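Single-structure report; data block below.
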Amino acid sequence: MHFLLLAAETTTKTSFFYENWPIIKQLIWLFGKFMSGIMYVLDQMNVYSIALCIVIFTIVTKLLLTPLTVKQQKSTRMTNYIQPELQEIQKKYRGRTDQASQQAMLAEQQALQEKYGVSMFAGCLPMLIQMPILFSLYPVIYNMDKYVDYLAVLKQKLSDDQMTKMFTLFTIDLEAAPGWKISLALLIPILVVVTQYLSSKLMTMGQPNRDNMPGGNSMKIMNTVMPLMLGVMAVNFPAFLGLYWVTQSAVMAIQQLIINKIIYKKPIEEVIKENMEKANAKRKKRGLPELSEKASMSTRNIRTTAPAANKPGMSAQQKEEAVQKAKDYYSSRSANPNSLAAKARMVQDYNDRNKKN
């Protein structure tokens, strides 16, 4: 994401193409005021350090996003947990392109997701909410002269020597790019790579082996390549932007350690039970029947019994009659027979009836 943001930068030195987009424009203004507030408070304490301003700014903004991060991690854990069962369902219907099989597969997948309290959008929604916020942070850090009003006040108040010291950290000029020459400034790009890699590794701790999952190898490569790419960019951009990345990744790493302890401390069975209770509460409000004890059992029991419409040796007409019969059977029992939940329950009920027969 960092690479996309900076690669999208226009030819103007300090301009991003999305700065005037609705919502983002307002967020940039808000974050600019927040950074000004930090500078004002430090000014009252006679502390003049752009590095300290960036560290405080980054820590606070990352903490504000913690609830979304936790929600996303919980969803990721459960999604990874059900991946083997989802793959089994896909494997069962592999090569079957008829409408009845596709509907049955969709219904089984929906039943599985509902059983475990997983939504295909649950993991994406927090990220979608975070994106405008993260997009808005970059222009504020990268173009403080434009968006941080109090910086102009400090430039009038402080001498040139004081302003130089304000943008200096351990003899590192934060306004200049470190470049490839051997210097203390190169420490910032190195820390960018290390902290970014560490935070990426911590995000995958406790999760099942991704190598056997769709896109697992790609994610593994990305977690290795992205820190290196970010480090290269930190060499060529002002050091204060690299400092922002270091602080952000360090906060993410600490944050992830705490989140991992919270999320993975609770047994998966307890999480599933809580998700079931929440799902049943929502179904009750919609007038739908609660998920039964059978639904809370492992879906491996459901997978072993294929819908009658998919039994070998049946003609196309018999399959259509079987599917229609199942629809009619469940329509009489569901408050909303056209919903995905109704279709999922239809498949489960039809499986149970077929097993009894």
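Hey, can you rank 147-158, 191-202, 93-104 by average C-beta count inside 10 Å, highest first?
On the way: 147-158: 16.2, 191-202: 19.8, 93-104: 14.3.
In descending order of packing, they fall as 191-202, 147-158, 93-104.
Measuring from a point 7 Å past the Cα of LYS165 along Cα-to-C-beta, which residues in the range 37-77 have an amide N at less than 13 Å?
Counting only backbone N, you get 46-50.
Coordinate-derived values only; no laboratory data. Not measured: the values here are computed from a predicted model. FYI the Cβ positions are ideal-geometry reconstructions off the backbone, even for glycines, and counts take in every protein chain you see.
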